[in-house]
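Peer 1: Please find one structure pasted underneath; my questions will follow.
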Amino acid sequence: MFTQAYTPEQSAFGKLENGRDVLILYVKEFNEQVKAINQSGLSKYTYHWFSTEHKDAYVLQVTWENEIHISIRFNTQHFRLIYQLLEPKDIILTTTPISQLMERAQANNFSFIEFNDVLTFCNLVFVPDTDSDTDSDTDTDSDSFTNSN
């Protein structure tokens, strides 16, 4: 199976206003998909984890009802991010560099980050692929998860 997947260029951990832990990922290549998903108003999506052919990386593929999808590749240097997802965690996917968001917050003396276009995922969890022969889709009990946008 061939999937065009992109790696996060920046990441950060934080807390949401409700106290829940959040992982923030910056992937610039998803600019068009983020805009299309936000404009469509869709909130239901499925996600699947699979390993690459050489088992040297994991890919998170998220697909919305309108078949728009994104694939995020986690190489070995990103495994600490995957480790954070062994427990359900909220994720914010941004197409604006996190460093730029932080600079804006500091310049305005904000104790929070103001985002532009983002996708949010609630309680996303990493479930490793246990099938050693094939790349298989892996998800939790349900195929559908609700996006909190």
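Readers should treat all values here as calculations from the given coordinates under stated rules, not as data from a laboratory. A quick note: this is a predicted structure, and the numbers were derived from the prediction, not measured. Positions of Cβ are generated from backbone atoms using ideal geometry, with glycine treated the same way; all protein chains shown enter the neighbour counts.
Peer 1: Distance from the Cα centre of the stretch 75-103 to that of the stretch 9-49, in angstrom?
Peer 2: What the calculation gives is 9 Å, centre to centre.
Peer 1: Using 0.36 nm times the number of residues separating GLN84 and ALA105, minus their current alpha carbon distance, what extension gain do you get? Before the final figure, lay out each step's value.
Peer 2: Numbers: separation 21, 0.36 × 21 = 7.56 nm, distance 2.50 nm.
Here the answer is 5.1 nm.
Peer 1: Let me check I've understood the local charge: for SER99, count other residues with C-beta under 13 angstrom from its C-beta, Lys and Arg +1, Asp and Glu -1. What total comes out?
Peer 2: Around SER99, the surrounding residues sum to 0.
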